[in-house]
1. Per-residue HN-Hα couplings for the stretch 30-41, Karplus 6.51 cos²θ - 1.76 cosθ + 1.60 at θ = phi - 60°, whole Hz, x for Gly and Pro?
2. To make sure I understand, if each residue's beta carbon is the centre and we count other beta carbons within 10 Å, what order do 2, 44 fall in, fewest to most?
3. Could you tell me the relative contact order of the stretch 157-203? Use alpha-carbon pairs under 8 Å, at least six residues apart, and round to a whole percent.
4. Convert each backbone phi in the stretch 112-126 into a coupling constant with the Karplus relation 6.51 cos²θ - 1.76 cosθ + 1.60 (shift: θ = phi - 60°), then list the ³J(HN,Hα) values in order as whole Hz, x for Gly and Pro.
5. Considering only 184, 8, 119, whose Cα is most displaced toward the positive end of the charge dipole of the chain, charges sitting on Cβ of Lys, Arg (+1) and Asp, Glu (-1)?
6. At a 10 Å Cβ-Cβ cut-off, how would you order 67, 130, fewest neighbours first?
7. Could you work out how much longer the chain between residue 124 and residue 42 gets when fully extended? Use 0.36 nm per residue separation minus the Cα distance between them, nm to one decimal.
8. To test your reading of the geometry: what angle, between 0 and 90 degrees and rounded to tens, separates the Cα axis of helix 5-18 from the longest principal axis of the chain?
Amino acid sequence: MRLDYNKIGNFIINERKAKKMTQVDLAKHLYVSEKTISKWETGRGVPDTNTLPKLCEIFGITINELLNGERFSKEEYIDKAEGKLLELEEVKQNSDKRLLAMEIVIGFLSVIFLLSLTALASFLMMPDWLRIMIIVFGLTISMVGILFALKIEQVAGYYICSKCNHKYVPTYHQVLWALHVNRTRYMKCPHCHKRAWHKKVIK
Ligand SMILES: [Zn+2]
């Protein structure tokens with residue numbers, strides 16, 4: 001079962017018009033831009049998990065109806081419900097996987113970049129001030145790369161508490177300062193408040 005963006009788009013148009021709302025009205029209610037609404041309605045995107053509940057509340061429909069692009073009768077409801085939610089979850093999982101792969105590339109490139117500039121500054125004849133400038137430049141760029149990679153580490157997927165199995169997204173500060181082995185970090189669980197090694201999971 002795949003999400004049919006065009007069907008969902010038409011459904012949103014119909015439900016919006018039934019509520020006598022313009023794209024601007026709807027955008028205001030959802031705190032998104034008019035462009036976003038138009039993107040959904042033309043099948044170039046679907047609402048994300050943050051806006052979905054509010055949108056469905058406005059239309060008086062369920063999330064599953066929205067993701068199927070139609071209102072259900074009671075009997076249909078049970079059948080169609082589960083699949084679409086799982087699919088939306090899958091979309092997030094795939095994008096998280098891509099982000100985490102990108103994080104490795106960014107981290108790797110940052111280190112290579114710094115090493116090459118350091119080698120250049122060490123082996124080529126040049127005035128000392130230039131040598132220092134090159135190394136400072138290399139350090140700055142690779143720091144930015146590493147901080148960016150850590151940002152990805154924070155937002156993609158979840159960490160799971162080894163004591164209570166609570167899944168959560170940590171703050172950037174937590175991720176930045178936590179001891180870690182690969183993607184497993186020593187952090188304080190927001191649920192049970194115990195410190196432990198928390199593993200990164202995609203779902
Ligand atoms: Zn916990």
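1. Karplus values, whole Hz, x for Gly and Pro: 9, 6, 10, 7, 4, 4, 4, 4, 5, 4, 5, 5.
2. Ordered by Cβ neighbours within 10 Å, fewest first: 2, 44.
3. 45
4. 4, 4, 5, 4, 5, 5, 5, 4, 4, 5, 7, 9, 8, 6, 6
5. 184
6. Values: 67 25, 130 11.
With the sparsest Cβ surroundings first, the list reads 130, 67.
7. Working: separation 82, 0.36 × 82 = 29.52 nm, distance 5.71 nm.
23.8 nm is the gain from fully extending residue 124 to residue 42.
8. So the inclination is approximately 50 degrees.
Bear in mind these aren't lab numbers, they're just calculated from the coordinates by the rules spelled out. Keep in mind it's a predicted model, so treat the numbers as computed, not measured. Neighbour counts are summed over all protein chains in view; Cβ atoms, including those assigned to glycine, are modelled from backbone coordinates with ideal geometry.
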